[in-house]
1. Considering each residue of the range 464-514, count those that are surrounded by 13 or more Cβ atoms within 10 Å (Cβ to Cβ), in a loop (DSSP other than H, G, I, E, B) and among the small types (Gly, Ala, Ser), and give that number.
2. Can you spot a residue in the range 321-330 that is without any contact (Cβ under 8 Å) to a residue 40 or more places away in the chain and touching a Lys or Arg at 6+ places or on another chain (Cβ under 7 Å)?
3. Look through the range 35-80, keep the residues that are within 21 Å of the chain's Cα centre (by Cα) and of a type in the set (Asp, Glu), and return whichever of them is nearest to Leu92 (Cα to Cα).
4. What is the residue count in the range 515-562 for residues that are open to solvent by less than 10 Å² (accessible area, probe 1.4 Å), under 20 Å from Tyr295 (Cα atoms), modelled with pLDDT of 95 or more and assigned to a loop (DSSP other than H, G, I, E, B)?
5. Given the conditions (1) modelled with pLDDT under 95; (2) part of a helix (DSSP H, G or I); (3) open to solvent by less than 50 Å² (accessible area, probe 1.4 Å), report the number of the one that Tyr582 does not fulfil.
6. Say we look at the range 265-306 and pick out the residues that are of a type in the set (A, V, I, L, M, F, W, C), closer than 20 Å to Arg98 by Cα and assigned to a loop (DSSP other than H, G, I, E, B); which of these is farthest from the chain's Cα centre (by Cα)?
7. For the list (1) closer than 24 Å to Ala396 by Cβ; (2) in contact with a Leu (Cβ under 8 Å, 6 or more places away or on another chain); (3) open to solvent by less than 60 Å² (accessible area, probe 1.4 Å); (4) not β-branched (Val, Ile, Thr), I need the number of the one condition that Ala439 fails.
Amino acid sequence: MTRKQITLALVAACLCLEGTAATAREDMDRLVLPAQGTSIDLESGLVRKNGVAGLCVEKVSRAGPNTLVVAKSPGDDIPLITLNGAPSDMDLDGTGARLGTLQATRDGALVWLRHFKTGNKQTELLEDGAVRYSWPAGNVVRLLRATGSDFVLLVDVPGQQSRLQKWPRETRSTQEAAPVTLVNFDGCVPARLRFDKHHVWARMSCDRGRGDGIYRIELDGGAIEKPVNRSETAEFVSLPKGAESDGQIAVATVSGSEAGLHFYFAVKGLLLAQAGEVRACSSDAEGLQSWNQSYRLRALASLFEKTDVSAFADLAVKSMSLTLAAQDGANDREGLTTPACGWSSRIYSGEGKDRLSLMINQAVIANALHKGCKDLGAACPARLRDQIGQTAGCLAEAFEPDFDVEAGLYRIREDIDFRFSGEVAPWNWQLSFAGLLRALPDKNLTLRANTIFDRFLKEVKRDADGSLWRYWPESYYREKGLDPSGIRDQRFEDTGHAGISLMALAGQAGTIDASLAAALKDRARFLLGFGPETPRDLDGSGPRGTRWFPAGGWADIAPEALGEAYAGPVPGAQSADALYAYASLFDPASDFDLRLDLLLCSDACVPYRSLSYDSWHAFLDNNPFFVLSRNGPSNPREN
């Protein structure tokens, strides 16, 4: 057997022989998503989607007579993509590009976006392997439809309003082609879009008193008027066949207590998107283990710890098993700078071709495995627990040469193709790796970890709005020749990397005293005070945007501040770090109340069904989105 075959056999053993059902109070064996044609065997981890089965079947879609399948095996850099059973080459290997939206057309073409993280950082639209259009760095492009004659895209150009545009398929000259603007989203920020024959339906927020909600806009330059349904929580949903008849669009609004809403958004996001943890097969080539799966694992394990529902444990065990199966050693990728126990990436090197095992990625993944297994308790199989511990020890040894005794901090490895190679590592790297060290039995490594935490705390500043710190340790700036006044001129940390640092701090007992805890909460309240478009940097500086909305470790450090903000949809609510925040904030001991109103929309939105739940058990037992099979289901109150 090859090394990868042995790894797959071990994954199967962990998933099938060491199931969690016997240790959990709420015993379930299957998750079914009727509207998606998807079922997940929670004991084996097998996902069956529209007749196609596998551990990590990400997508099965049909366009006329054509069937598109996207799937991965453990450790794959890029998915296996087949159209009508024939493999398709996405030309991603070694390019430093990420695969974006992928669609098949009714006439049998394959259309996709790819986003470059290196070089010019452009976004490209390809059809059957040929680049059709390209947008420069800073543009955000979403492929929505590919018709017989056009590509329909949502394009965000820096400094301009979002535009829904139609780009022609028939031309082969990208220089001569010009888009037709269907909708100019003047004063509005579209989140999700749906189409009927003559309209685009938008879930968005708008200025000039129009507010948040569902908007119906005529294509070909239609005006944006008042929403057909005004609600901050309105969202498009997919219901089982029969409900959305005659082209009607299904919409849901939700209300209730903080606990009810935290649970709703966490569970719905985790179970409906990437259902069955199908991204867990990924390598970390595109950062999917470090910046997606690690947060989802933490969220699932947290929900299991709070509810004892076996489905969350089963999905977490599948996630951990596949993450470990994606290590470089199991996939013949280890080398001098890529340890066998790590997960190397391809999005950070100069041209995106070299595999890099950056310390931050390794620590984030390993810490999530450790915390996930800890939260699962007896539901974490012994085999996984041992492998997770061995992985942490192996990573500590692998990065030992990068510790600078004189500086008392880690450096970024010198002999790699990375723009900061040889520099003192940023604080989120230092703190995350210190968290890994502190979980090991070696007392010397524990002492080193404590010293790193102490160094960070000494560099934390405070003003009237709470705690502040910079991305780099002061020793980094001193090596650049800056004196204290020059260091004071450097910008403070951004909210995203701050969330990584805070997640590392939150897991360290005794590290944060009452005074610092209060100052961190003040900082969270300060940032949330800007609304959904928060500033980039901790002190309120830098550009403002939804991408900087606090998530991840902010929920661990400042639950009181984030609790109200997350009692509803937040910017990027489906992102992995936001799902973790919802799960972390959910308090099973708090009052639970949840009301779900379903509407069907055509010319207007009319009530279809209302459901009320007085416990999280009731929501899991009977909801319109998914079914967890077990004995003794109860019905929600229907109004």
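1. Residues flagged as surrounded by 13 or more Cβ atoms within 10 Å (Cβ to Cβ), in a loop (DSSP other than H, G, I, E, B) and among the small types (Gly, Ala, Ser) within the range 464-514 amount to 1.
2. No - not one qualifying residue is present in the range 321-330.
3. Asp77
4. Matching residues across the range 515-562 total 3.
5. Among (1) modelled with pLDDT under 95; (2) part of a helix (DSSP H, G or I); (3) open to solvent by less than 50 Å² (accessible area, probe 1.4 Å), Tyr582 violates only (1).
6. Initial filter on the range 265-306 (of a type in the set (A, V, I, L, M, F, W, C)): 265-267, 270-273, 275, 278, 280-281, 285, 288, 291, 297, 299-301, 303-304.
With the extra rule that they be closer than 20 Å to Arg98 by Cα, the set shrinks to 273, 278, 280-281, 285, 288, 291.
Narrowing further to those that are assigned to a loop (DSSP other than H, G, I, E, B): 273, 285.
Working: Ala273: 10, Ala285: 15 Å.
Only one residue tops the list, namely Ala285.
7. Evaluating Ala439 over (1) closer than 24 Å to Ala396 by Cβ; (2) in contact with a Leu (Cβ under 8 Å, 6 or more places away or on another chain); (3) open to solvent by less than 60 Å² (accessible area, probe 1.4 Å); (4) not β-branched (Val, Ile, Thr) leaves (2) as the failure.
Here's the yes/no breakdown for (1) out of contact with any Pro (no Cβ under 8 Å at 6 or more places or on another chain); (2) crowded, with 24+ Cβ neighbours inside 10 Å; (3) within 28 Å of Leu46 (Cβ to Cβ):
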residue	(1), (2), (3)
Ser257	yes, no, no
Leu261	yes, yes, no
Gly287	yes, no, yes
Leu297	yes, yes, yes
Val317	no, yes, yes
Thr338	yes, no, no
Arg346	yes, yes, no
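The values are calculated or read from the model by the stated rules, or taken from the named source; none is laboratory data. Quantities reported herein were computed from a predicted structural model and do not represent experimental measurements. For neighbour counting, all protein chains shown are included, and Cβ atoms are generated from backbone atoms with ideal geometry for every residue, glycine included. To get the accessible areas, we keep the full protein, side chains included, count just its heavy atoms, and leave off ligands, DNA and RNA. Shrake-Rupley method; radii C 1.70, N 1.55, O 1.52, S 1.80 Å.
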